Amino acid sequence: MTYTTQQLLEILEQELRATCQGKRVLLSPGDRLDNPIMAKAINLDQVGKVFAYQDFRGQIHEYQRQHNVSGLVWRQCHFRGESIQFPELHNQLIAVEGDKEKLMAVKQEILAFWQRHTQQLNYWLIAHQHRPLRRESLAELWEQGEWAELDSTQQELFLGICWGNPVEYQYQWAKPNSGCHRIVATPDQPSGIKF
């Protein structure tokens, strides 16, 4: 029997808890650090816990690859009395073959939700400094993206237009091969909440 995505997440949660409680021991964690001065300056017990969990999570990722267990979970976004459900990659798992296509399959549904709820709102591109975004510019960004994601507050709706590797798209170092344009629709100025 192959473990499901949810079962793998439960196993990871149990392992994280056990690691934090000191039930997992990594012998010689200082050997993993390339800098002997750093090894003397930091708490190696804590470093050992981090490495122990990373090693275990790496085994889970290998299991995902071998058994093609999806790293996607379903999440809901609620805004103005309506909800939408869509897949997203869980931050403790990896994408396997077919996961990116599942993300891409709901792109138009996410756009329809966004358009229904943002007609009277202002668009802002979230970057180092927020800047207003014309609807025509949003359409250009939309065409460049491969999949989309949503988040919300009571007054603001956040749209991510993403491309590239679903495991790397959120990191600045992955650009230009992977990335995500972040847009917020708001009645006024953005609140400053990071998405």
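Taking Cβ atoms as reference points and 11 Å as the exclusive limit, the residues near Trp142 contribute a net charge of -2, counting Lys and Arg as +1 and Asp and Glu as -1. For the chain, adding -39500 (n - 2.57) for each run of n ≥ 4 DSSP H residues and dividing by the number of residues yields -12000 deg cm²/dmol at 222 nm. Modelled label positions at Ser137 and Gln120, each set 7 Å beyond Cα in the direction of Cβ, lie 2.5 nm from each other. Taking Cα atoms only, the orientation of helix 107-117 departs from the longest principal axis of the chain by about 50 degrees.
Checking every one of the trypsin sites (Lys or Arg not before Pro) in the stretch 122-187 against DSSP loop status and a limit of 12 other Cβ atoms within 10 Å picks out Arg134. Using a 4.7 Å Cβ-Cβ cutoff, the cysteines of the chain lacking any partner cysteine are Cys20, Cys77.
No lab work stands behind these numbers, since they all come straight from the coordinates. The model shown is predicted, which means the values in this text are computed figures rather than measured ones. With ideal geometry, Cβ positions are generated from the backbone for all residues, glycine too; neighbour counts draw on all protein chains shown.
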